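The next block holds one structure in the form of structure tokens; read it before the comments.
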Amino acid sequence: MSFPALVEPAAELTVDEVRRYSRHLIIPDVGMTGQKRLKNAKVLVIGAGGLGSPALMYLAAAGVGTLGIVEFDEVDESNLQRQIIHGQSDVGRPKAQSAKESVQEINPLVEVVVYEERLDNDNVLQVFEGWDLIVDGTDNFATRYMVNDAAYFLKIPYVWGSIYRFDGQASVFWPHAVDEDGTSADAPCYRCLYPEPPPPGMVPSCAEGGVLGVLCASIGSIQVNEAIKVLTGAGEPIVGKLMIYDALEMEYRKLKVRKDPNCALCGDNPTVTGLIDYESFCGAVSDEAADAAAGSTISVVQLEHMLKEREEGTRDFVLVDVREPNEYEINQIPGSVLIPKGEFLNGNALADLPSVDSGTQVVLHCKSGVRSAEALAVIKGAGYDDAVHVGGGVVAWVNQIDPSQPAY
Ligand SMILES: [Zn+2]
């Protein structure tokens, strides 16, 4: 389905602009009018990270007149593998500033508005107000649901993307879209597609699971492609469609996504009529894991002490790292054995642990303490009453005990 252009054209293009955008101007579907619409367009990009990097760079090059950047983070060395809007000399600098400079280097005609803050319920509506279109490059579920709801309340369409390892997804969520005749397109929102966030701990973040750097370009460029179509009215944007990209198979699939009449936000009887508590909606850890970890969490300082006692022969316990083998290759807490979390969930891990009757304590850790809490819930259920997990995991170990090991 095609839609009327979202943005009215600017009055004119300057001689410089005609020269700069000439390869757009000679495409019939863009042309002078389309380029003038881009010039008049205000696009807000959330995140100057994996998806935000290519999105901002191509939106800038395309001549979108006003670009907003929402980003509170600083550039870290581990970002440079994929966040190509930043360079080596930007490490330690605010990402928003670094991104702004890159945008202005690509196209000085773009006006850049920077929001150097973390989006939350207190600021999201003010930040979104006045933008024509949003490009969502966030990497966590709490922010995604908040972006979806805030965009819905303000009737702003947004282009969503997500990436993990070799897999990417993208869609345009525009529940208020009307077709050329002015009738509702019955287009879905993100909640129509994903009514509930995944259980905490089920879907690892890119920081935990990794992401192929170039996948960001594949999905980020789809987002820009769709943004330009929505802004100019060209073609048929993926409203009500979900693009699924598998980089290993080099396969794109397009699925239809219908508006859900029971959607909590955009359905017939909405229950979400204002911003909600997104952190608790998405949960940092599951209830079972939180219960298991309560009173059974030790610090890395305590662990270091316990390891010394074990060395001296005054204490016996087994330290189990529940991360994945490739994470274990990067760094380790000395004296740990590897049994990935999946082995706990399928029950196989129990055979590798000292028996409950042996009296040997089991201590679990992962990268940050989420996965180990999930595994802890499993073994507590199997009778390991004195089992504990390490709060902050190997990240805390490297930060506080052994900075000589690489972080990731
Ligand atoms: Zn919906």
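Averaging the sequence gap over all C-alpha pairs within less than 8 Å and six or more residues apart, then dividing by the number of residues, gives the chain a relative contact order of 14 percent.
Loop-only check: which trypsin sites (Lys or Arg not before Pro) in segment 38-110 are DSSP coil with at most 16 other Cβ within 10 angstrom? Could the numbers behind the result be given before it?
On the way: sites: Lys39, Lys42, Arg82, Lys95, Lys100; in loops: Arg82.
Within segment 38-110, no trypsin sites (Lys or Arg not before Pro) qualify (loop, at most 16 other Cβ atoms within 10 Å).
Divided by 2.2 N^0.38 Å, where N counts the residues, the Cα radius of gyration of segment 65-119 comes to 1.09.
Write out the trypsin sites (Lys or Arg not before Pro) in segment 272-341 meeting two conditions: DSSP loop, and at most 13 other Cβ atoms within 10 Å of their Cβ. Provide the component values of the computation, followed by the final result.
Numbers: sites: Lys308, Arg310, Arg315, Arg323, Lys341; in loops: Arg315, Arg323.
Here the trypsin sites (Lys or Arg not before Pro) that fit, given the DSSP loop and packing criteria, are Arg315.
Stokes-Einstein diffusion for segment 286-398, with the hydrodynamic radius set to the Kirkwood value over Cα pairs and evaluated at 20 °C in a medium of 1.002 mPa s, equals 156 µm²/s. Shape summary: the chain maps onto an equivalent ellipsoid whose semi-axes, from the alpha-carbon gyration tensor, are 46, 24, 17 Å in decreasing order.
Scanning residues 5 or more positions from Val178 or on other chains, those with amide H under 5 Å from its amide H are Ala185, with H placed 1.01 Å from N in the peptide plane.
Report the FRET efficiency, 1/(1 + (r/R0)^6), for Thr273 and Arg253, where r is their Cβ-Cβ distance and R0 is 35 Å, rounded to 0.05. Mind dumping the intermediate values first?
Details: r = 34 Å, r/R0 = 0.98.
After rounding to 0.05, the efficiency reads 0.55.
For the set Lys95/Lys259; Lys42/Lys95; Lys100/Lys254; Lys259/Lys367; Lys241/Lys367, the pairs lying more than 27 angstrom apart at their alpha carbons are Lys95/Lys259; Lys100/Lys254; Lys259/Lys367; Lys241/Lys367. Of the peptides 133-139, 70-76, 15-21, the order by per-residue mean of other Cβ atoms within 10 Å, starting with the highest, comes out as 133-139, 70-76, 15-21. On full extension, the segment bounded by Lys155 and Ser299 gains 47.2 nm, given 0.36 nm per residue less the C-alpha separation.
How big is the antiparallel share of DSSP beta bridges in the chain, given as a percent to the nearest 5? Kindly include the intermediate steps, with their values, before the conclusion.
Working: 19 of 50 bridges.
Bridges in the chain that DSSP calls antiparallel: roughly 40 percent.
What relative contact order, as a whole-number percentage, does segment 273-350 give when Cα pairs under 8 Å and 6 or more residues apart are counted? In percent, rounded to a whole number, it is 19.
Scaled to the compact-protein estimate 2.2 N^0.38 Å, what is the alpha-carbon radius of gyration of segment 1-91, rounded to two decimal places? Write out the running numbers ahead of the final one.
Numbers: Rg = 15.7 Å, N = 91, 2.2 N^0.38 = 12.2 Å.
This ratio for segment 1-91 stands at 1.28.
In this structure, Asp122 and Ala185 have a Cβ-Cβ separation that, at R0 = 35 Å, corresponds to a calculated FRET efficiency of about 0.65. Computed as a quarter of the hull surface, the mean projected area of the alpha carbon convex hull for segment 150-198 stands at 4.3 nm². Shape of segment 1-157 from the C-alpha gyration tensor: oblate (a/c of 1.5 or more and a/b not above b/c, with a ≥ b ≥ c the square roots of its eigenvalues).
If you average over every viewing direction, what projected area does the convex hull of the Cα atoms of segment 102-176 give, in nm²?
Details: hull surface 25.1 nm².
Computed as one quarter of the Cα hull surface, the answer is 6.3 nm².
Enter the angle in degrees (range 0 to 90, nearest 10) between the Cα long axis of helix 213-232 and the first principal axis of the Cα atoms of the chain, meaning the one along which they spread out most. The angle comes out near 30 degrees.
Taking label positions 7 Å along the Cα-Cβ direction at both Ala11 and Asp402, the computed distance is 6.7 nm, reported to one decimal.
How do Trp160, Trp174, Trp131 rank when sorted from fewest to most other Cβ atoms within 10 Å of their own Cβ? Write out the running numbers ahead of the final one.
Details: Trp160 28, Trp174 25, Trp131 21.
The fewest-first ordering by Cβ neighbours comes to Trp131, Trp174, Trp160.
Could you compute the net charge surrounding Val45? Neighbours are other residues with a C-beta less than 9 Å from the C-beta of Val45; K and R count +1, D and E count -1. List each step's numbers first, then the result.
Working: positive: none; negative: Glu71, Asp136.
Charge balance in the 9 Å sphere: -2.
How long are the semi-axes of the equivalent ellipsoid of segment 301-345, taking √(5λ) for every eigenvalue λ of the Cα gyration tensor, in whole Å from largest down?
Details: eigenvalues 102, 28, 12 Å².
Taking √(5λ) for each eigenvalue gives 23, 12, 8 Å, largest first.
When Arg191, Arg23 are arranged by Cβ crowding within 10 Å, least crowded first, meaning fewest neighbours, the order is Arg23, Arg191. Could you list the GluC sites (Glu not before Pro) in segment 244-300 that lie in coil according to DSSP, counting only those with at most 11 other Cβ atoms within 10 Å of their Cβ? Passing sites in segment 244-300 are Glu249. Cut-off 17 Å, label point 7 angstrom out along Cα-to-Cβ of Glu129: give me the residues of segment 138-152 whose amide nitrogen falls inside. Only 150-152 pass the distance filter.
With a/c under 1.5 counting as rounded, go ahead and sort segment 328-368 into rounded, prolate or oblate using the C-alpha gyration tensor (a ≥ b ≥ c being the square roots of the eigenvalues; past the cut-off, prolate if a/b is larger than b/c, else oblate). Oblate.
Give me the net charge of Gly220's neighbourhood, meaning all other residues with Cβ under 12 Å from the Cβ of Gly220; Lys, Arg count +1, Asp, Glu -1.
Values: positive: Arg82; negative: Asp136, Glu226.
The answer is -1.
Assuming a ≥ b ≥ c are the square roots of the Cα gyration tensor eigenvalues, decide whether segment 204-269 counts as rounded (a/c under 1.5), prolate (otherwise, with a/b larger than b/c) or oblate. Write down the numbers at each step before the final one.
Numbers: a/c = 2.06, a/b = 1.33, b/c = 1.55.
Verdict is oblate for segment 204-269.
Can you sort Tyr328, Tyr252, Tyr158 so the residue with the fewest Cβ neighbours within 10 Å comes first? Spell out each step's value before the answer.
On the way: Tyr328 16, Tyr252 12, Tyr158 27.
Neighbour counts put them in this order, fewest first: Tyr252, Tyr328, Tyr158.
All Cα-Cα separations within segment 176-314 were binned at 10 Å from zero, giving a P(r) of 9, 22, 29, 19, 10, 7, 3, 1, 0, each value a whole percent of the pairs. For the pair segment 26-68 and segment 210-258, the centres of their Cα atoms are 16 angstrom apart. All Cα-Cα distances of segment 68-214, cut into 10 Å bins from zero to the largest, leave 10, 34, 38, 16, 3, 0 percent in each bin in turn. Near Asp291, once Lys and Arg are set to +1 and Asp and Glu to -1 for all other residues with Cβ below 12 Å from its Cβ, the sum equals -2.
Rule-based calculations on the coordinates, nothing more; no lab input. Quantities reported herein were computed from a predicted structural model and do not represent experimental measurements. No Cβ is skipped: glycine too gets one built from the backbone with ideal geometry, and neighbour counts run over all protein chains shown.
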